[in-house]
1. Any residue at all in region 149-161 that's over 22 Å from residue 287 (Cα atoms) and crowded, with 18+ Cβ neighbours inside 10 Å?
2. Restricting attention to region 31-59, which residues are in a loop (DSSP other than H, G, I, E, B) and touching a residue at least 24 places away in the same chain (Cβ under 8 Å)?
3. So is residue 205 surrounded by fewer than 17 Cβ atoms within 10 Å (Cβ to Cβ), farther than 21 Å from residue 70 by Cα and in the same structural domain as residue 296 (by TED's automatic domain parsing) or not?
4. Looking at (1) crowded, with 20+ Cβ neighbours inside 10 Å; (2) closer than 17 Å to residue 14 by Cβ, which is the only condition residue 146 fails?
5. Given the options 62, 121, 93, name the one that is in a loop (DSSP other than H, G, I, E, B) and surrounded by fewer than 23 Cβ atoms within 10 Å (Cβ to Cβ).
6. So is residue 300 touching a residue at least 12 places away in the same chain (Cβ under 8 Å) and over 21 Å from residue 27 (Cβ atoms) or not?
């Protein structure tokens, strides 16, 4: 079959379609995240502030995710979705954002898919976190964006077409996820790699972006103070691993992934590559994130994993350029097989990993047999486990969404808010 200039378009379309279908297939199995995606949606639908929902420390004086909640609030007002649909949209939207956008940065977008497949087969937990519907995924996508575009920061004068998108992306990440302190990590890695000019240019962009993102919250000084204190105190008063959320615990690492990276490096050496991996700030970010997971797993999840994904994708992309014709239909056939493999591997329900939630039953107050187990109207639930809060918060909203479906939005919100106050106050 003759070559065609349609091949790159067909391949990009296949990759986009595959990445969009993965969350749709997973959600069709009844999957719902088990943690914070539920509370984010429930908070928005309730229309209440956190201090009206939870008993909080006095230091917590504003919403910790103002940008993400504003986005969800806008979607809710425009679409009038129920709670479950909002959670499903969060999962699909953030996964697709992370998985699809990088395909536009590479001349061989299939390399990005190969990279994700390699990592998922070595460490499925990293990919699984992309389907939790939480705003940290936006920060992970920021790491990917920076990893693809950093070389343009080397110039003495950075062009507006480079610094403006990075500035806006960084400001959005600050506003949406609020973990702006993570921005210092890439800057340090740039200096360690000897990319001093790129590091300085990046520093200036990030400082402006953090200020801009903080201003978008409406309370810039309080926002910066609260998020900084949260980062400093999150681990300081905890002495046992079981008391930490999973991403704050120590990681064990994945030896298979190390072997894959070593094989790629050996291939570079055999090809007499001029650039050392130690002079690549993205590789240093990935390696540092991997090592620091032995202290706090989130270094790997939020920084190391996305950086390594890009590094592997770039390396594989260079191999593909040398060994396959860009416009060959044979290449399109290979990518189709790759897309099918990626789709089946990620979305298959091995050991019920995507369907554990669908058949769970919850106690409801309307059933007289359950009333002695539940607080009466006006009561409060006290529990040391965040899981209880998250489950009660979202399940009540889902139940009320069905009960008051025919009511007006205003009356529905009043009834919803009253029930949440009844059931979901926790001491944390």
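1. So far as region 149-161 goes, yes, one or more of its residues are over 22 Å from residue 287 (Cα atoms) and crowded, with 18+ Cβ neighbours inside 10 Å.
2. Within region 31-59, 31, 32, 33, 34, 35, 47, 48, 53, 54, 56, 59 meet the criteria.
3. Judged against the criteria, residue 205 is not a match.
4. Just one mismatch for residue 146, condition (2).
5. So the residue among 62, 121, 93 that is in a loop (DSSP other than H, G, I, E, B) and surrounded by fewer than 23 Cβ atoms within 10 Å (Cβ to Cβ) is 62.
6. yes
The values are calculated or read from the model by the stated rules, or taken from the named source; none is laboratory data. It should be emphasised that the depicted structure is a prediction, and the values quoted were computed from it without experimental measurement. For neighbour counting, all protein chains shown are included, and Cβ atoms are generated from backbone atoms with ideal geometry for every residue, glycine included.
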